Amino acid sequence: MHYLDEGSGPPVVMVHGNPSWSFYYRRLVTALSPTNRCIVPDHIGMGMSDKPGDDRYEYTLERR
C-alpha cells in the first residue's frame, strides 16, 4: 500500500474517497507540512497502490 508521509510535527491523516487518490490532497499537504506530519494513504487499487491482478478482489459500484 502506497502512502505519502511528509513534514514533521503533530500528525494529520487524510483519507480519500472512492474513486480518488492521495494526489487530491496535494495543496493541503503543501500548506500543512511545514508544521505537521501529513500521512496520506492510497487505498488498494487506487493511486500509486498496487492493483490486484486476480479475481480475489471484486471492484463494483452498485446503485440502490
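The values are calculated or read from the model by the stated rules, or taken from the named source; none is laboratory data. These numbers come from a predicted model, not from an experiment. Cβ sites come from the backbone with ideal geometry, for glycine too, and all protein chains shown count toward neighbours.
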Inset, instruction - Write out, first by first residue and then by second, each pair whose Cβ atoms fall under 6 Å of each other, whose residues are 6+ apart or on separate chains, and whose first residue, in the range 5-31, is charged (D, E, K, R) while the second is outside any helix (DSSP H, G or I). - result: D5/I39; E6/S33; E6/C38
Legend entry - Elements of type strands (runs of 3 or more DSSP E) contained in the chain, each with 1 or more residues being modelled with pLDDT under 90 and under 11 Å from the mean Cα position of the chain (by Cα): 3-6, 37-41
